[in-house]
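Report on the structure given below.
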Amino acid sequence: MSAFPTHLLSMDDLDADDIAEVLRVTDSFAEVGRRANPKVPTLRGRTVATLFFEDSTRTRMSFETAAKRMSADVLSFAAGSSSVKKGESLRDTIETIQAIGMDAVIIRHSSSGVPARVAEWVDSCAVINAGDGWHQHPTQALLDLYTVRQSFGGGQEGLDRFAGLRVTIVGDIRHSRVARSQISAYAALGAEVTLVAPATLLPPSLEGWPVASVSHDLDSVLATTDVISLLRLQAERGSGDYVPTMREYTMGYALTARRALQLPPEAVILHPGPMVRGVEIASEVAELPSARITDQVGNGVAVRMAVLFLLLGQGAREADLNE
Amino acid sequence: MSEGHAMGTMPELLIRGGTVIDRTGERRADVRVVDGTVVEVGKGLSASAGATELDAGGCAVTPGLVDLHTHLREPGREEAETVESGTRAAALGGFTAVVAMPNTDPPLDSAESVRNVFALAEGAMAQVAVAGAITVGRAGERLAPMAELAALGVRLFTDDGDGVQSAGLMLRALQYATGLGVTLGQHCEDRSLAAGGTMHEGAWSSRLGLPGMPSEAEEVMVARDIALSRATGGRVHFLHLSTAGSIDLVRRARAEGIPVTAEVAPHHFTLTDGCTSTYDPIFKVNPPLRTQSDVDAVKAALMDGTADAIATDHAPHSPELKDLPFDQAPPGMLGLETALALAITELDLTLERIVALLSWQPAVIAGLDPDHGGCQGGPIAPGAVANLCVIDPTATWTVDPKSMASRSRNTPYSGRTLTGRVRHTVLAGEPVVIDAEAQR
């Protein structure tokens, strides 16, 4: 197997073997998470910075919990409280952080491409993209894969189910970093991805995207869907520019209780959160056993521990988890 | 204008051993310049005592290049460029005249601000002509005092940086311009289609998750202004056309006899939107880098004459601004010091055609040619003001941002090896560049 990449900037950085490795290592860390004392010394002496230029409670907490459970020192830079607000350039901020001495920088930014630029500027530090603009959010896609594999019983058997799996991604694909990561991730494992959205919420071009089909009619694809992933619709998109009204969007694209009944009984329902109940997904659907939304959040920590391990854990051995 | 300041004090200049290329053709000839004026063009001229000799062996001696589209940034953004640094870059690029764009701070929308730029340009290393704003503050709401500016010698008006969004206002501007004999330059960008866009909208923008500017944002305004030019008879000069569709519209309009002209920028015939895949804002420019088929169309426009001029859209920005995230960084690239070499390297055109596109054709559009009372664009003949460029068409060199004369470093060609180099530049008889070195 080829070496794991130096940075995790995009799902396109990972091939099927890399993804399988992440999921396999995630199993070990999920086990750690179930212990009474869910802490291992794997990254003792390592320093990890979270650099969030855009608000995010869930992803930030998830990454910081992951790093702390691995005994890393965690430094947390928030754009609002750091010198970024005082006009310091991004490059200066990164150089300062690097001078302090970081082993990994976890970045979220509202501008696409910032993690990729930072990866060019650093020389001895892993960069993890925690969501950049409309571009990518790779750990979200990895935790989706882990959750789906788990719902299929986990392990190699669960992984094998991705070949030919019919995955439907619904909603604002145009502006979604989650969708871009999911599409690459599912396709890498051999799934057939269908996109469902009004044309205004599709990217201007799908040239080169590993997508099996595109539909504007959710009802017509439900019966042939094994995994359905609903994307968040931001309120401003449903105010006339992209979709006339939120009500009209819900009529066409929300997973209502009636629509959920058209899914095959074993179908998995996912939402990256935060959910807007009643817009993308009906409240009662979110509570169905087939909806794995809470599992997604829980798996997030273990997946991010696995990513940190694979990027930083050179020298550390998985066996150390059993110390 | 620079031609007066040293007149009468300069030693004779003799440019020897080159091939003179101008609109009248090509011939082996030496050029003798006295007091800023060409006095003799012919074979085997010998230097008078005390004359400065410039070797032009293996080189073309052409009229000085004329850039229709230069952002000098002064006043307002002197950290990025000044009239002094920008005209030094121009001279090194073979230009003896540049048209300064009006999107300075304050903008060039009044007689006072235009006079200020002329004052800054006294003694500069290239003639600085000014493009005045079409509308007050380039805000697209009311006409700027075009007649007052025309009286100062302004021949080209544009709100460059923005297109005039209102078709009604553009119609009236064109009607007014016909009475003044001036040309309106349009930066074609329909804001309702392009707003928020940071690169060409297409396969790459979709993958990179960057908001796009569709080709149609340019093309709908090109089509609109062709219709307005047809209706009014007003001359429209299309700035930095970048799409195959725009080129096609202009080609048809010209066949119909509508008085429109067009320029294209070197980056639009050398780079594509794929360059932005690293998110490096050095490749961010407006209009954005387009697809390979657009690049091919821009080249075809230069081959078949649909494009009248290569214009640099020289747009300096400080390194701090170009280190911002892609969507926040300002658009623009340096152009003056690389334009000629890029044309020689990338275009399948004779040197005469390339110089036509960089010298006498833009000189006419800018109203700087002898027929309009100017002294740019040749021909090289006794009595002409000696604005000259000596080009070594086979020399190769490697682009190094650090060695550029511009105050900024935002060239996308760093490390590229190009063919064709400006050897000497003569501004009104003064050799301002000798052997690719600025003389002041």
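A few comments on the model shown:
- Signed unit charges on C-beta, dipole axis of chain B, positive-most listed residue B:Leu239, B:Ala297, B:Val98: B:Ala297
- Per-residue Cβ neighbour rank within 10 angstrom, fewest leading, A:His175, B:His240: A:His175, B:His240
- Antiparallel content of DSSP bridges confined to the stretch B:64-372, in %, to 5: 5 percent
- Over all pairs of different C-alpha atoms in the stretch B:64-372, the reciprocal of the mean inverse distance, the Kirkwood hydrodynamic radius, equals 19.0 Å.
- Mean partner shielding of peptide B:319-328, defined as the number of other chain Cβ atoms within 10 Å of each residue Cβ, is 5.
- Förster radius 45 Å - calculated FRET efficiency between B:Val39 and B:Thr398 (Cβ-Cβ, nearest 0.05): 0.75
- Here r is the Cβ-Cβ distance between A:Asp160 and B:Asp304 and R0 is 60 Å; the resulting FRET efficiency, rounded to 0.05, is 0.55.
- Potential lengthening between A:Met251 and A:Glu236 on full extension [0.36 nm per residue; Cα-Cα distance subtracted]: 3.7 nm
- Positive minus negative residues near A:Gly101 (Lys, Arg vs Asp, Glu; Cβ under 13 Å): -3
- Proximity of backbone amide H atoms, modeled 1.01 Å from N, is registered between A:Asp172 and A:Leu231 at under 5 Å, excluding neighbours fewer than 5 places apart on the same chain.
- Chain A: relative contact order as a whole-number percent, Cα under 8 Å and 6+ apart: 20 percent
- Computed with the Debye formula from one identical point scatterer per Cα of the stretch B:216-322, without solvent, the log10 of I(q)/I(0) at q = 0.15, 0.16, 0.22, 0.23 Å⁻¹ comes to -0.62, -0.69, -1.14, -1.21.
- Relative to the longest principal axis of the Cα atoms of chain A, helix A:293-312 runs at roughly 40 degrees.
- Label zone at A:Ile100 (point 7 Å along Cα-to-Cβ), backbone N below 17 Å, the stretch A:116-157: A:122-128
- With 0.36 nm allotted per residue and the present C-alpha distance subtracted, the A:Leu206-A:Thr57 stretch has 50.5 nm of extension available.
- Bridge orientation summary for chain A: considering DSSP beta bridges with both residues in this region, about 5 percent are antiparallel.
- Taking only the C-alpha atoms of chain A, Rg followed by Dmax gives 19.5, 58 Å.
- Working note: 222 nm ellipticity from helices only, DSSP H runs with n ≥ 4, each -39,500 (n - 2.57), summed and divided by the residues of the protein assembly as shown, gives -9000 deg cm²/dmol to the nearest 500.
- Note on B:19-29: average number of Cβ atoms from other chains within 10 Å of each residue's Cβ is 0.
- DSSP beta bridge pairing in the protein assembly as shown, given as percent antiparallel to the nearest 5: 35 percent
- Sequence of A:Ile107, B:Ile365, A:Ile97 once ranked by neighbouring C-beta atoms within 10 Å, starting from the fewest: A:Ile97, B:Ile365, A:Ile107
- Point-to-point label distance, A:Arg35-B:Thr24, nm (Cα→Cβ direction, 7 Å offset): 9.2 nm
- Counting only Cβ charges, +1 for Lys and Arg and -1 for Asp and Glu, the dipole size of the protein assembly as shown around its Cα centre is about 1060 debye.
- Annotation: amide H of B:Phe95 within the under-5 Å range of B:Leu65, sequence separation 5 or more or interchain, hydrogens built in the peptide plane.
- For the stretch A:138-296, the alpha carbon convex hull comes to 98 Å³ per residue, rounded to a whole number.
- Leading residue at positive end of dipole, the stretch B:64-372 (Cβ point charges), from B:Pro145, B:Tyr176, B:Phe283: B:Tyr176
- When chain A is treated as a GNM with alpha-carbon contacts under 10 Å, the residue of A:Asp12, A:Asp160, A:Asp241 showing the greatest mean-square fluctuation is A:Asp241.
- Total lysine pairs in the protein assembly as shown at Cα distances under 23 Å, for residues eight or more apart or on different chains: 7.
- Per-q log10 I(q)/I(0), the protein assembly as shown, q = 0.05, 0.06, 0.08 Å⁻¹ (Debye; single scatterer per alpha-carbon; no solvent): -0.33, -0.46, -0.74
- GNM remark for chain B: springs join alpha carbons under 10 Å apart, and the peak mean-square fluctuation among B:Pro287, B:Pro75, B:Pro325 falls on B:Pro325.
- Shielding score for B:267-280, defined as the mean number of other chain Cβ atoms within 10 Å: 2
- In terms of packing, defined here as the mean over residues of other Cβ atoms within 10 angstrom, the peptides A:206-216, A:268-278 line up highest first as A:268-278, A:206-216.
- Highest-fluctuation residue, A:Ser89, A:Ser62, A:Ser184 considered, GNM on chain A with Cα pairs under 10 Å: A:Ser89
- Cα centroid separation, the stretch A:83-162 to the stretch B:314-335 (Å): 25 Å
Each reported figure results from applying straightforward, stated rules to the coordinates on display, with no laboratory input. This structure is a prediction, so every number in the text was calculated from the model and none was measured. Here the Cβ is made from the backbone with ideal geometry for all residues, glycine too, and neighbour counts use every protein chain on show.
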